[in-house]
Amino acid sequence: MSEIWIEKYRPHSLSDIVGQDEIISKLKSFVKVKDLPHLIFAGPPGTGKTSAAMALAIELYGENWKQNFLELNASNERGINVIRENVKDFARIVASNDLGIKIIFLDEADQLTPEAQAALRRTMEMYSSTTRFIFSCNYSSQIIPPIQSRTVVMRFKPLKPDDMTRRLQYIAEKENFKIDGASIEAITEISEGDMRKALNIIQAIETSGDVSPARIYEITGMANQEEFKLLLTSAVAGVFEKAKEILDRMLIEEGMSGMDIIRGMHSATRRETMLPPLQRMGILMALGETEFRIVEGASDNIQLDALLAKLVHVGREIN
Ligand SMILES: Nc1ncnc2c1ncn2[C@@H]1O[C@H](COP(=O)(O)OP(=O)(O)OP(=O)(O)O)[C@@H](O)[C@H]1O
Ligand SMILES: [Mg+2]
C-alpha cells in the first residue's frame, strides 16, 4: 500500500501548520530565543497538537531532534511509574544540543488520574532545569491546577474550512490528484475541523478512483445523514418509539459510538434550517450537555435515551 497521507503530509515546519496562527507565532518566538516554558496543548483531535510539538522540536534541534524529544502516550504506558522511569532515563542523558534543554511530549495527558498527575508534577520539578514538558489533551480542565499553573496553555481550534481547503488543495496538487471544489467542500464539511479525518477521506476517495460529493458521503457513511435527520425529526415530533428504534439500530447494527451519534445529530441540527430557531437552540443545548456527560464517562445508552426524551420535551414546549 502507498504511504498514508496523514504521515506523508505531517507538517515538518511550523509554517506548514495551517490555522492556529497565534499559537504558531508564539512557538516561533520560542525558537528565536531558544527557550520555552512548560506547555499544555489543548484541543480537539486532528488539529495539529502533535504536529506542532514535532515541528517545534525540528526547528529547535534540527537533524538531532529525535534525541532531544521524547514522546510518551499517557494511555499506552500504563501506570505513572512507567512514565516516571522513562522521563528519568531521558532526562539523565545530557542534552545533545546547545539549548541545554530537551522536550518531553506527553500525549493524552488528560487520561492520567489526578494522583498520577500529582506524581508527575514532582518529576517535572525535579528535572525542570533540563527538560520542558508539553502536555497534549482534549480538555485542559482535566489537568490538575498545580500543573496548569506551571504551564502556558495553548488552545488549538477546529480548523476553518478555508484553511483545510488550502491544505487539501496543496496535497492534491502534490499527488497529481484532480479533485473538484464541490468534493473538497464535502470533505471539509464532514471532517468538521479535524484535519486527520479530512486527509483520511481525501486519500480514500483518491484510492476509490471515483470522485464526487455523493461518493464522499457514501464512503464516509454519511449516507446515513438522512437517518440522522429522521432520528432528530421523530424525536422533536414526539414519536419517541420511532426515534428509539432508529437509535438502537445505529448503536447495535451499525456499531456507532455515543459520540458518533452526537456528532451526526449535531450536523443534522445545523443543516435543518427549517426547524424553528428556538427549537434548534434547545436541541443544541441538549446535545452539548449529552456530549459533556459522555466525555465525562457516563453511560452512552442511558445518556442517549435521556437525550431523546429531552428532545421530545423540546418539541412539545417550543413550536
Ligand atoms: N493545523 C494543521 N495543519 C496541517 N496539517 C494538519 C494540521 N492539523 C493536523 N494536520 C494533519 O493531520 C494529522 C494529524 O494531526 P496531529 O497528529 O497533529 O493532530 P493532534 O491534534 O495531535 O490530534 P490528537 O488529539 O488526535 O492527537 C497530521 O499528520 C497532519 O497531516
Ligand atoms: Mg496528537
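Of the residues that sit in the range 99-129 and are in contact with a helix residue (DSSP H, G or I) (Cβ under 6 Å, 6 or more places away or on another chain) and more than 13 Å from Ile83 (Cα to Cα), which one is farthest from ligand 2 (Cβ to nearest atom)? By that ranking, first place goes to Tyr127. Here the range 244-279 is the region considered, the condition is being among the basic types (Lys, Arg) and within 25 Å of the chain's Cα centre (by Cα), and the residue that is most open to solvent (accessible area, probe 1.4 Å) is Arg270.
Table: residues versus (1) in contact (Cβ under 8 Å) with a residue 12 or more places away in the chain; (2) closer than 29 Å to Glu125 by Cα; (3) in contact with a Lys or Arg (Cβ under 6 Å, 6 or more places away or on another chain); (4) more than 10 Å from ligand 2 (Cβ to nearest atom).
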residue: His12; (1), (2), (3), (4): yes, no, no, yes
residue: Val18; (1), (2), (3), (4): yes, no, yes, yes
residue: Asp21; (1), (2), (3), (4): no, no, no, yes
residue: Ile24; (1), (2), (3), (4): yes, yes, no, yes
residue: Ser29; (1), (2), (3), (4): no, yes, no, yes
residue: Asp35; (1), (2), (3), (4): yes, yes, no, yes
residue: His38; (1), (2), (3), (4): yes, yes, yes, yes
residue: Gly48; (1), (2), (3), (4): yes, yes, no, no
residue: Ala53; (1), (2), (3), (4): yes, yes, no, no
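Remark: Ile58 matches the filter, which requires a residue to be open to solvent by 30 Å² or more (accessible area, probe 1.4 Å), at pLDDT 95 or above and of a type in the set (Val, Ile, Thr).
When the range 145-187 is limited to residues that are acidic (Asp, Glu) and touching a helix residue (DSSP H, G or I) at 6+ places or on another chain (Cβ under 8 Å), the one that is farthest from ligand 2 (Cβ to nearest atom) turns out to be Glu185. Residues that are among the hydroxyl-bearing types (Ser, Thr, Tyr), in a helix (DSSP H, G or I) and within 12 Å of ligand 1 (Cβ to nearest atom) within the range 2-39 comprise just one, Ser15. If only residues of the range 37-82 that are among the β-branched types (Val, Ile, Thr) and touching a helix residue (DSSP H, G or I) at 6+ places or on another chain (Cβ under 7 Å) are counted, the one that is farthest from Ser128 (Cα to Cα) is Thr47.
What is the residue count in the range 42-55 for residues that are within 7 Å of ligand 1 (Cβ to nearest atom), outside any helix (DSSP H, G or I) and open to solvent by less than 20 Å² (accessible area, probe 1.4 Å)? Counting residues in the range 42-55 that are within 7 Å of ligand 1 (Cβ to nearest atom), outside any helix (DSSP H, G or I) and open to solvent by less than 20 Å² (accessible area, probe 1.4 Å) gives 4.
Scan the range 203-215 and give yes if some residue there is open to solvent by less than 30 Å² (accessible area, probe 1.4 Å), within 16 Å of ligand 1 (Cβ to nearest atom) and farther than 17 Å from Ile261 by Cα, otherwise no. Yes.
In the set Ile184, Ile190, Ile179, only one residue is among the β-branched types (Val, Ile, Thr), modelled with pLDDT of 90 or more and within 16 Å of ligand 1 (Cβ to nearest atom); that residue is Ile184. When restricted to residues that are at pLDDT 85 or above, among the charged types (D, E, K, R) and exposed (fewer than 15 other Cβ atoms within 10 Å of the Cβ), the range 223-243 contains 1. Within the range 81-105, the set of residues being among the small types (Gly, Ala, Ser) and without any contact (Cβ under 8 Å) to a residue 40 or more places away in the chain comprises Ala95, Ser96, Gly100.
The values are calculated or read from the model by the stated rules, or taken from the named source; none is laboratory data. It should be emphasised that the depicted structure is a prediction, and the values quoted were computed from it without experimental measurement. Note: ideal-geometry Cβ built from the backbone for every residue, glycine included; neighbour counts use all protein chains shown. The area values use the complete protein model at the heavy-atom level, side chains included, leaving out ligands, DNA and RNA. Shrake-Rupley method; radii C 1.70, N 1.55, O 1.52, S 1.80 Å.
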